[in-house]
Amino acid sequence: MPVRGERGATLRRGRTLVRSERRQDPEPMIKKEKRKLTPWVIYSRIISFWAPGILLTKLGKMPEPGMQQAWREKVALVSLIMLVCAIVVYITIFLATTFCPQSVAKTQYDVFKYDDPNSGPGIIGILGGAFSTENATWTTKLDFTPKAGQDLT
């Protein structure tokens, strides 16, 4: 049987981590190094030019430059989100008008008005197109006189 203080055939481990020469100080969570000016930092400062550091310190209660930069980056991120949303709205609503102006485009109104009996005699629709049958001559003996606005598809 081992005497107290000696290591023998036990599973106990000696206390090695309490030795002062082996102690390591933890890394600081916020490093005081000066960050380089990356394009993102430059963009965030340009977007938030209207909020100088003194304003963020006094009114925003952000005394540290790291907190101020984080707030600026949030503003820059929101501006990018708004830009993407504006692009999606433009593509959804206005892109068709840009490429196909009203003078060239066949809109639903143009197709729908062919169905109007007052639009003129002999205008019929075939596969979405309007055709006039006013001066048409029929070669068969069938009495084929289509009504105005009739779809022959």
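The values are calculated or read from the model by the stated rules, or taken from the named source; none is laboratory data. The structure displayed is predicted, hence computed values, not measured ones. As a convention, Cβ positions derive from the backbone with ideal geometry for all residues, glycine included, and neighbour counts pool all protein chains shown.
Here is how the numbers come out for the structure above:
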| quantity | calculated |
| --- | --- |
| Selection count where residues are closer than 26 Å to Leu80 by Cα and exposed (fewer than 10 other Cβ atoms within 10 Å of the Cβ), scope the range 24-44 | 5 |
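So that you can scan it fast, the table gives a plain yes or no per residue for (1) surrounded by fewer than 10 Cβ atoms within 10 Å (Cβ to Cβ); (2) in contact with a Gly (Cβ under 7 Å, 6 or more places away or on another chain); (3) modelled with pLDDT under 90:
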| site | (1), (2), (3) |
| --- | --- |
| Phe49 | yes, no, no |
| Gly60 | no, no, yes |
| Val75 | no, no, no |
| Leu80 | no, no, no |
| Ala96 | no, no, yes |
| Gln102 | yes, no, yes |
| Lys106 | no, no, yes |
| Asp110 | no, no, yes |
| Tyr114 | no, yes, yes |
